[in-house]
Amino acid sequence: MPGNQPTRRPKSKKGPTRGSGGKRARGLAGKGPTPKAEDRVYHPAHQRKLEREAAAKHEARRQAQRRSVRKALQTPPGHELVAGRNPVVEALKAGVPLTRVFMSGSQMSDPRVTQIVRAATAAGAPLIEATRSELDRMTDGAVHQGVAIEVPPFSYAELDALVARVAAAGRPGLLVALDSVTDPHNLGAALRSASAFGADGVIIPERRSAGVNATVWKVSAGAVARVAIAKVPNLVRAFESLKKQGFFVAGLDAGGTERIDTLSFADMPLVLVTGSEGKGLARLTRLACDAIASIPIAAEMESLNAAVATGIALYQVDRLRASLPRGAARD
């Protein structure tokens, strides 16, 4: 009967609770990880962080200023640097044109530096202060002794100008031709010998040859400014042109048919040709020569350096010419 059935409680629509946390879940969720000390504005580490950031900005501005200074020190394309006190003084004595002078610190106690400053002032070339590290980079680590000068691109002479110079001198001309000499040290040394023994000029080809650069200026000890240098498209054609104007062409080679110290036409207008450091005279160059002359050396020595051979040959020609009367009749 209905009155005898047990009373049932209605089911609750609300789910079961899991303790107090169920009611305050958001409050107990927390506020995330603890901020780093340097991010807390009240912490001393935050002040140190601000100081580091300020120092970094200052260093960035300083580096930007240094980069702008280095840009001002860059040399334009084609310009060269002559570094070192003695090389710079020698270059200035020889009349080398200069556009700028770079110096590190105060070095006026050195008389050579004083001479450089006076020459720069007379030429109207600006003096620019540079640090030693900047000069190291500018000169590729060369021994600059705190001073370097910038020289403009070298102005090569025309072959006809060399011939005209010989004609104006009123004596048998003497020219040096370098066949594919690619080492600038050899070019500089050959120019120095050419200047020492009164050569009227040096001829180099446009391709496969060292050009006049800072190394050549330095090695030649100023001879670059005293000896005219012609750059020609083709050596063989240059020899043909010179032959038509009365020159004889003598190549230097260990297997020569004549000795340089007894060269039969040493007192005539002469072109001495030195071959490359490794291969010697090129085939077409050899065929264009009127004679191939050798330098007597010890049998144990296979060959001579190109610049050394040029110097010896110039000395021998100068000695032969000194022993012959000027304009003597030839058989």
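Assorted remarks:
- Residue list for the stretch 182-191, restricted to those being surrounded by fewer than 22 Cβ atoms within 10 Å (Cβ to Cβ) and out of contact with any Asp or Glu (no Cβ under 9 Å at 6 or more places or on another chain): Pro184, His185
- Selection count, the stretch 71-111, where residues are exposed (fewer than 15 other Cβ atoms within 10 Å of the Cβ) and basic (Lys, Arg): 2
- Considering Ala221, Ala194, Ala177, Ala148, the condition of being buried (at least 23 other Cβ atoms within 10 Å of the Cβ), within 19 Å of the chain's Cα centre (by Cα) and among the hydrophobic types (A, V, I, L, M, F, W, C) is satisfied by Ala148 alone.
- Some residue of the stretch 12-32 being loosely packed, with under 10 Cβ neighbours inside 10 Å, at pLDDT 80 or above and either among the β-branched types (Val, Ile, Thr) or at positive phi (or both): no
- Sub-8 Å Cβ pairs linking a first residue in the stretch 175-187 that is touching a residue at least 40 places away in the same chain (Cβ under 8 Å) to a second residue that is of a type in the set (Asp, Glu) and crowded, with 24+ Cβ neighbours inside 10 Å, at least 6 apart or interchain, number zero.
- Applying the criterion of being assigned to a helix (DSSP H, G or I) and hydroxyl-bearing (Ser, Thr, Tyr) to the residues of the stretch 208-237, the residue that is nearest to Leu162 (Cα to Cα) is Ser220.
- Just so you know, in the stretch 71-100 the residues that are part of a helix (DSSP H, G or I) and in contact with a strand residue (DSSP E or B) (Cβ under 8 Å, 6 or more places away or on another chain) include one that is nearest to Arg137 (Cα to Cα), and it is Leu73.
The values are calculated or read from the model by the stated rules, or taken from the named source; none is laboratory data. All values reported here derive from a predicted model rather than from experimental measurement. Neighbour counts are summed over all protein chains in view; Cβ atoms, including those assigned to glycine, are modelled from backbone coordinates with ideal geometry.
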